[in-house]
Every structure is written in C-alpha cells, then in structure tokens.
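Below: one structure, written as structure tokens.
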Amino acid sequence: MNNKEQKTEWRGLEIELQALENAVAECVEIPNEWLPKELHDNTRGGRTIARLSRICDKQDGITAHKKKKAIKAKNIEIYREQLDNSGEIDYNGGQVDDMQLHRNQCAIVQAWIDTRFITSEDLIDD
C-alpha cells in the first residue's frame, strides 16, 4: 500500500469515527439530575449529548456558519497538502456534510427534471 492509499484509508477511518461519535451523541441522554439547572429540559427529562454540545457552542458564540467555515478551511488545507505531495487532489480526503450533499443531489435531479434534461421515468431502475 502506497502512502497516498494509506492516507486516504486513514482519512476514511476518521470520517467513519466522526459519524459514529455523532450517532452516539444523538443516542445518549443525560438526565436532568446530572445537569445544571439552566440546562434542564423539563419536557423530556434530560438532554442528549448532541443537544448539550449545540447549546454550549451557542453560548460560546460558535455558530453553524463558523463551523462550516472551519471545515472548509480544513478541507482546503488537506487538498493543498495533497496537491503539493502528489500533484493530485483526492476529494474523498475532506470532511463532508452528508445532509447538505443529499440536498444538493436532490436539487440537481429536480432541476434536470424541470428542464426536461431527464424524465422521472429515467430514474426508475428496470
């Protein structure tokens, strides 16, 4: 396995571990008894780790826009390093917002249908 393949493999592992971390954060709920009074959720009786993280980010002034900008900057650095090392860019090496990617893909397919580039029947597998 060459250096490029190894870096791509490790980057893929980092992405999968981040996805696992996000899934666990959405599943684990912290009961109100363990939380400071200002973080209590009296409707559900607790908060998920993911929700607590978003609340803390908001209190610290870290917005979703700032997070996206940081991800873009990190991706640019990854791509620049790849270009310097091998003269090529492997787009699988960066961090991806899967929900935004899905919305973009749906939008492009809808635009193709609207402009009659394709028909909805073209999307059905035979």
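Observations on the model:
- Whole-percent P(r), the stretch 3-95, all Cα pairs, 10 Å bins from 0: 14, 32, 27, 18, 8, 1.
- For ILE30, the residues whose modelled amide H falls within less than 5 Å of its own, excluding neighbours fewer than 5 places apart on the same chain, are ARG47, THR48, ILE49.
- Each peptide in 58-66, 22-30 gets a packing score, the mean of other Cβ atoms within 10 Å over its residues, and the list from highest to lowest is 22-30, 58-66.
- Virtual paramagnetic centre 7 Å along Cα→Cβ of ILE118, amide N under 13 Å, in the stretch 64-107: 105-107
Bear in mind that the values in this text are calculations on the coordinates, not laboratory data. This one's a predicted model, so the numbers in the text were calculated from it and none came from an experiment. Ideal geometry is used to build each Cβ from the backbone, glycine not excepted, and the neighbour counts take in all protein chains shown.
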